[in-house]
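J.: The structure that follows is given in the form of structure tokens.
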Amino acid sequence: MCRHLAFLGPPTPLATLISAPDHGLLRQSWSPRLQRNGTMNADGFGVGWYAADDPLPARYRRAVPMWTDQSFADVARVTSSGAVLAAVRSATTGTTPDEAAAAPYTSGKWLFSHNGRIDDWPRSAEDLAATLPPARLLALEARVDSALLWALVLHRLDSLDSAADALAHVVTAATAASTGRYNFLLTDGDTIAATTAGDTLFWRSDARGTVVASEPSDDDADWHEVPDRSLLVATPHAVDISPIHPAETEAPPG
């Protein structure tokens, strides 16, 4: 499994979002409160963020538990951003253990994370993989179910799907191909798109900005749970939630 979060709002230190909260992503790496599968997320972590003068995100990823990396603690203390995507990893059996398997994945302006797994990986993913051009399969960043799902999402984005449509299509196709859990986060630094399909997701939006996360980072009453099989689209000031419909499964062109 995994835990992840995305943030849009005024420039905020990474530490304020990730490590300072009582039940933030750092704490969730060893003691998540609402995780339905697994008890820890110690198989690596990653953080992506955007600078004000650069549309391409920066990324920091490691194959170690977040709590062991003192270098990241320093980076998080002095680095602020108005758009962040971060994740801690619990590896799926049969996937690679190196940092290339840790979210967020990136291409151009995009950052992507997957909280979940494809059951019976990799056999059950054969039909999904067959829908991709061979060149995109050969370019997978790591031998892991999340990297394949990211390739499917990116193929949709390259085919001019919106972020929301790309995620909805891939969740529906993946669910049809195999049982599993398909909670996604995707951002371009301006909006967040997210899905729920088998695990928890919450959001909070106020003067501090909008946070979308696997579970609340504190006990404030202003967190809202997203129903399962939902699609969320958020900006720094607004959140829209709609159901994922099975009809959204047509193959992309090319």
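Each reported figure results from applying straightforward, stated rules to the coordinates on display, with no laboratory input. Since this is a predicted model, take the numbers as computed values, not measurements. Neighbour counts run over all protein chains shown; Cβ positions are idealised from the backbone, glycine included.
J.: For the range 125-173, rounded, prolate or oblate, judged on the Cα gyration tensor with a ≥ b ≥ c (square roots of eigenvalues), a/c < 1.5 rounded, else prolate if a/b > b/c?
T.: In terms of gyration-tensor shape, prolate.
J.: Using a 10 Å cut-off on Cβ atoms, rank the peptides 202-215, 130-143, 51-64 from the highest mean neighbour count down.
T.: For the peptides 202-215, 130-143, 51-64, the packing ranking is 202-215, 51-64, 130-143.
J.: Next up: Order the peptides 121-127, 44-50 from the highest to the lowest mean number of other Cβ atoms within 10 Å of their residues.
T.: The most tightly packed comes first, giving 44-50, 121-127.
J.: Also: Read phi for every residue in the range 35-51 and hand back ³J(HN,Hα) as whole Hz from Karplus 6.51 cos²θ - 1.76 cosθ + 1.60, θ = phi - 60°, with x for Gly and Pro.
T.: Computed from phi, the couplings for the range 35-51 are 5, 8, 9, x, 10, 9, 10, 10, 9, x, 7, x, 9, x, 8, 10, 8 Hz.
J.: Determine, at each q value in 0.08, 0.09, 0.12 (inverse angstroms), the log₁₀ of I(q)/I(0) that the Debye formula gives when each Cα of the range 2-243 is one equal point scatterer.
T.: The Debye formula, applied to the Cα set alone, gives -0.25, -0.32, -0.59.
J.: Oh, and also: In whole Å, what is the distance between the alpha-carbon centres of the range 209-233 and the range 131-193?
T.: Cα centroid of the range 209-233 versus Cα centroid of the range 131-193: 21 Å apart.
J.: Using only the C-alpha atoms of the range 96-202, find the volume of their convex hull and express it per residue in Å³.
T.: Dividing the Cα hull volume of the range 96-202 by its residue count gives 101 Å³.
J.: Could you list which residues have their amide H under 5 Å from that of Arg229, counting only those 5 or more apart in sequence or on another chain, with H placed in the peptide plane?
T.: The answer is Thr196, Ala197, Gly198.
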